[in-house]
Structure formats: structure tokens, C-alpha cells
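Novice: The structure's right below; bear with me while I get my questions together.
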Amino acid sequence: MNHTLAALALALLLGPGISAQARSSRKNDDRKASVSWSAAAADYATTTLADNFWRVPGNGFVGKQPPYHFTNGVKGAEDFSNNYWPQAHGMDVFIDAYLRAQREGDSEAEAFYKECFDKGYRDPIGTGEVKRQTGVLWTSYGMKKYADISASFGNQFVDDMEWHALTLIRLYEATGEAVYLREAQKLYAQIWKAWDLPAARDVGGSGGFIWCYGKEDTAQGLSKNACSNAPGCLAAIRLHEVKRRTPAARYRADSHPDYVDFDYLKNAETVYEWMARELFDRTTGQVYGSFSQKKGKMTAYSLTYDQGTFLGAAHLLYRYTGKKLYRDDALKAALYTITHPGITKGGMLRDEGAGGDNSFFKGIFIRYAVELVNDRRIKRKPRIQLYDFIRHQAETLWTKGLGRDAAGNPAGFFTPDWSLDQEQAARKGAEYQKPKLGWQVSGATLLEAMNVMKDPR
């Protein structure tokens, strides 16, 4: 990047992400057959996210929420309190960019994203700021009533905790700072308490994570969803992965004082077995969203993020056990997603809606699908098919899903429909008028992924 260290420091203080001047100096070759995925696409996507959705002091938002966080709307125009789980996915994009900056030797960008980690996660954990915000942002939805552990990111909604656990693990791996692993361990202890609650055993039989604490007397509270089980399985595998890779003395030193020594891999297999039995169709590869409020009845719909986290869990279990059943399940879920007309239309993942939740979904699928593409132990043919599909999403997003200025440079934000720019998407309805965090995070996840996905050919 061309900006100076002084400019970077000023940006960190005043609020924007990486200098706009630096970005404008770059040559955009996006109209050429070969896209510059790093210098053009990923950098534009992620710095636009930083400049327009990352909350810092001086942005006119004082006293209601922690100063460093992602907003749901541009410059906080739609910044509302149920902004807990999106923080994890926004930070995941910053982690992607941080690792990219390390690979490219871009020390200035690396420093910027490291500062975001510190301000958004490490410092609030260290000062207790996260816990003090209970009921507002981080620990929203009344978790104080249910939290019986010290985890700063405890939450009433189990899937929300799982997203943060996964991000905290990534932060630990990226930085080596033990505070992130400790928080992930604490969160997992709270997550596991939601497994196989007696009150919910008539919903999908024994096993399964409930969706929400504190509503055990309601059908909603006792529902068992793919979104609360697949990420929970992933969190267990990822903690197993960290424990396996870390020398025992270091791992014990990095663990919190009251750490419970879970058999993470066993837990993951237990969760997966329930999911595969109750929420997965091995014939087609479809992952069902949840059990409905009616006892024992599955929902008919499938969402990209459920497909993605399920295939991600199956793939990681295959990596650590070698069981071909997991490999086959991962491929079935992936291929169902990219071929079924209810999810993919005209070669593109469908628009799942402009809301603050569902606009994140496609990016989550991409994150785990790319890991499958890059695994050389899996047969080449389906990996090529998946690679070509993901590349098509990225090329379409970059060439059609953005506006352009007079010079042909990209302008504006992504939309939930990766084949439409802002002006085109706005015609779909009022909910498409104002850009949201999920739109930019999902698109940025895709374009950052293009810098790590490898062609299997």
C-alpha cells in the first residue's frame, strides 16, 4: 500500500479504514480476463468494509455501545442493538485481510488490521467492557440472567456464541495471543451446556443443541437448528485442532484457570452424528434448517450457511479421522448447494434476502467450500467443479455486482444479489435501498477467498 505510517495512524484515530488515497492510486484491471484478486478486488472489498462499517471514536456514536465495532448500516445509519453475531463475520474478513497482508509483506495493512483485533476483541475482554455491555451489543438478549461462567461473549443464543468462538480461535491462530483461546474455551463450555437438554428431548430425539437459552418453555427456545449445531461441531473440531497442534505445556499455559478438558473430537463426532441423522439427507445432500415448532417435523428449506457449516464440519472430521463417510457427506452437501435450483439459479447462488441476518449467509458457505477445494486428498473432479463455481461467483460479483465511476473504477457497495449493482438491486424493494453490513461482509469474504483458493487442475 502507498499510504504512510502517519496516515495509517491518523486513520486509526479518526475512524476510516485504510486510506482512500492509497486505493485510488491503484490500477484496476478488473475488466480484463484475469482479475487482480488482491490488489484490486479483495483490497477494494475489505477496505470499503473498514471505511464504512467499522465503528471507531469520533464517529458521533458515544455512550450506547462500545466504540470499536461494526455497524449494521453505512456510517451507522442502521446501527441497532441485535448486532452481536455479525461482529464475528466482519472480523473474519479482517483476519483474512491480515493474513493476506502478511503473505504480501504489507506491514502497514497488517498493523491496521491488528489494531482492529485489539480494539474490537482483545481490549474489551481485558477491561471487562464486553460484560458491562450486557443487554446492548456484545452480550445482548439478557444473557446476564443465564451466564454462569466468566466468558465475556456469553449469549442467550447458542449459534451466536458459536460464531464468536470460531472467530476467537482464528484470532488466536493469527496472533498467538492466549486471551483469544481462553475466551473461546470459556464460550465452548457455555455452548456445551446447551447439548441434549432433558426439556428438549422430544424435539428431534436425544441429542442436539437447542437454539436459545431461557425459552425452554417455548417451541422456539427448544428448537434444534442446523445453525446451532453445525457451527458447534465446527468449534469443537477447531479447538481439537488447536490443542493437537500446540505443545502441551503451551496449551495448558494458554488455557483459562477453570478450564474443562473436553474431548473436543469426541464431542464433534457426537454432534455430527445427531445432525446427520436428524437434519441431513444423505441421498441428496440437503441440510434442513431446523425442526419446526411442531414436534418432530423438519423445515423444508435449506440455507447456504447451513449447507456451508455442515460441509465444513464433515470435511474437518474427515481430515482428523480419515473416515470416508465424512468426506462423502461434505461433497454431497457442497454439490447440492451449487446444483439445486432452490439455492443456485443461473449458475449463481440465489439472493437470500437483504436483511441483517440472511445477507451474511452466502459468504459463510464460501468460507468452508474453499477449504474443501484446497484439500488434495479429495478427488479432483468435484473440487474442479466447486472451484469453477466459486470463481464464477467472484467474477460476476466483481464485474457486474458493483457500480463503476467514469474511469471504470469500482464504486459503491455489494448487494445481496451478486449479479446486480446497487442501482439495479434497489428496484427489488425498500429493504434493498440502504447498504447493510451483511452485504459487504459476504462479498468481501468471497473476494478474499479468491486469494487463497487454489485451482485443482
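The values are calculated or read from the model by the stated rules, or taken from the named source; none is laboratory data. Predicted, not measured: the structure shown is a model, and the values here were computed from it. A quick note on method: Cβ atoms are made from the backbone with ideal geometry, for glycine too, and the neighbour counts reach across all protein chains shown.
Novice: If a residue counts only when it is touching a helix residue (DSSP H, G or I) at 6+ places or on another chain (Cβ under 7 Å) and under 22 Å from D159 (Cα atoms), which helices (runs of 4 or more DSSP H) contained entirely in segment 325-440 have at least 1 such residues? So that I can check it myself, show each step before the final result.
Specialist: Values: elements: 361-373, 380-400, 422-425.
Counting at least 1 such residues, we get 361-373.
Novice: To continue, here is another question. Are there any pairs, at least 6 apart or on different chains, whose C-beta atoms fall under 6 Å, with the first in segment 174-192 and surrounded by fewer than 23 Cβ atoms within 10 Å (Cβ to Cβ) and the second hydrophobic (A, V, I, L, M, F, W, C) and in a helix (DSSP H, G or I), and if so, which?
Specialist: Once the first residue is surrounded by fewer than 23 Cβ atoms within 10 Å (Cβ to Cβ) and sits in segment 174-192, its partners that are hydrophobic (A, V, I, L, M, F, W, C) and in a helix (DSSP H, G or I) give A174/I95; V179/I125.
Novice: Additional query: Using the structure shown, decide if A174 is of a type in the set (G, A, S), out of contact with any Gly (no Cβ under 8 Å at 6 or more places or on another chain), modelled with pLDDT of 95 or more and in a helix (DSSP H, G or I).
Specialist: Numbers: of a type in the set (G, A, S): yes; out of contact with any Gly (no Cβ under 8 Å at 6 or more places or on another chain): yes; modelled with pLDDT of 95 or more: yes; in a helix (DSSP H, G or I): yes.
For A174, the condition - of a type in the set (G, A, S), out of contact with any Gly (no Cβ under 8 Å at 6 or more places or on another chain), modelled with pLDDT of 95 or more and in a helix (DSSP H, G or I) - is met.
Novice: Sticking with this one: For segment 361-390, how many residues are touching a Leu at 6+ places or on another chain (Cβ under 8 Å) and of a type in the set (A, V, I, L, M, F, W, C)?
Specialist: Within segment 361-390, residues that are touching a Leu at 6+ places or on another chain (Cβ under 8 Å) and of a type in the set (A, V, I, L, M, F, W, C) number 9.
Novice: Does any residue of segment 397-404 turn out to be farther than 27 Å from T71 by Cα, surrounded by fewer than 15 Cβ atoms within 10 Å (Cβ to Cβ) and more than 20 Å from the chain's Cα centre (by Cα)? Quick ask: steps written out before the conclusion?
Specialist: Narrowing segment 397-404 to residues farther than 27 Å from T71 by Cα: none.
No, segment 397-404 contains no residue that is farther than 27 Å from T71 by Cα, surrounded by fewer than 15 Cβ atoms within 10 Å (Cβ to Cβ) and more than 20 Å from the chain's Cα centre (by Cα).
Novice: Which pairs have Cβ atoms under 8 Å, sit 6 or more apart or on different chains, and link a residue in segment 338-350 that is among the polar types (S, T, N, Q) to one that is at pLDDT below 95 and outside any loop (DSSP other than H, G, I, E, B)?
Specialist: none
Novice: Now for a separate question. Mind listing just one residue for me: the one in segment 145-171 that is part of a loop (DSSP other than H, G, I, E, B) and among the aromatic types (F, W, Y) and, of those, modelled with the lowest pLDDT?
Specialist: Checking each candidate, the answer is Y146.
Novice: Only one residue in T321, T283 is at pLDDT 95 or above and exposed (fewer than 14 other Cβ atoms within 10 Å of the Cβ). Which one? Even if it seems obvious, please write down each step before you answer.
Specialist: Values: T321 fails: exposed (fewer than 14 other Cβ atoms within 10 Å of the Cβ).
After applying the criteria, what remains is T283.
One line per residue, one yes/no per condition, for (1) buried (at least 18 other Cβ atoms within 10 Å of the Cβ); (2) within 23 Å of the chain's Cα centre (by Cα); (3) more than 30 Å from K324 (Cα to Cα):
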{"site": "A199", "(1), (2), (3)": "no, no, yes"}
{"site": "V203", "(1), (2), (3)": "yes, no, no"}
{"site": "G214", "(1), (2), (3)": "no, no, yes"}
{"site": "T218", "(1), (2), (3)": "no, no, yes"}
{"site": "A230", "(1), (2), (3)": "yes, yes, no"}
{"site": "L265", "(1), (2), (3)": "yes, yes, no"}
{"site": "A268", "(1), (2), (3)": "yes, yes, no"}
{"site": "E273", "(1), (2), (3)": "no, no, no"}
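Novice: For segment 428-457, what are the residues that are among the polar types (S, T, N, Q) and either more than 18 Å from the chain's Cα centre (by Cα) or surrounded by fewer than 15 Cβ atoms within 10 Å (Cβ to Cβ) (or both)?
Specialist: Q433
Novice: Could I ask something else about it? If you go through segment 296-311 one residue at a time, do you hit one that is hydrophobic (A, V, I, L, M, F, W, C) and surrounded by fewer than 20 Cβ atoms within 10 Å (Cβ to Cβ)?
Specialist: Residues of segment 296-311 that are hydrophobic (A, V, I, L, M, F, W, C), as a first pass: 298, 300, 303, 310-311.
From the residues that got through so far, the ones that are surrounded by fewer than 20 Cβ atoms within 10 Å (Cβ to Cβ) too are 298, 300.
There is at least one residue in segment 296-311 that is hydrophobic (A, V, I, L, M, F, W, C) and surrounded by fewer than 20 Cβ atoms within 10 Å (Cβ to Cβ).
Novice: Restricting the first residue to segment 403-430 and requiring it to be at positive phi, which pairs with a second residue that is not in a loop (DSSP other than H, G, I, E, B) meet a Cβ separation below 7 Å and a spacing of at least six or different chains?
Specialist: G412/G403; G412/Q422
Novice: For T127, state whether it is closer than 20 Å to Q185 by Cβ and at pLDDT 65 or above.
Specialist: Working: closer than 20 Å to Q185 by Cβ: yes; at pLDDT 65 or above: yes.
The answer is yes for T127.
Novice: Follow-up question, since we're still on this one. Looking at segment 212-219, is at least one residue assigned to a helix (DSSP H, G or I) and either touching a Cys at 6+ places or on another chain (Cβ under 8 Å) or at pLDDT 90 or above (or both)? Outline the logic, then answer.
Specialist: Of the residues in segment 212-219, the ones assigned to a helix (DSSP H, G or I) are 219.
With the extra rule that they be either touching a Cys at 6+ places or on another chain (Cβ under 8 Å) or at pLDDT 90 or above (or both), the set shrinks to none.
No, the conditions are met nowhere in segment 212-219.
Novice: Please find, among A354, A394, A407, A425, the residue that is in contact with a Leu (Cβ under 8 Å, 6 or more places away or on another chain) and either at pLDDT below 95 or crowded, with 22+ Cβ neighbours inside 10 Å (or both). Give the derivation first.
Specialist: Values: A354 fails: in contact with a Leu (Cβ under 8 Å, 6 or more places away or on another chain); A407 fails: in contact with a Leu (Cβ under 8 Å, 6 or more places away or on another chain); A425 fails: in contact with a Leu (Cβ under 8 Å, 6 or more places away or on another chain).
Just a single option satisfies the conditions, and that option is A394.
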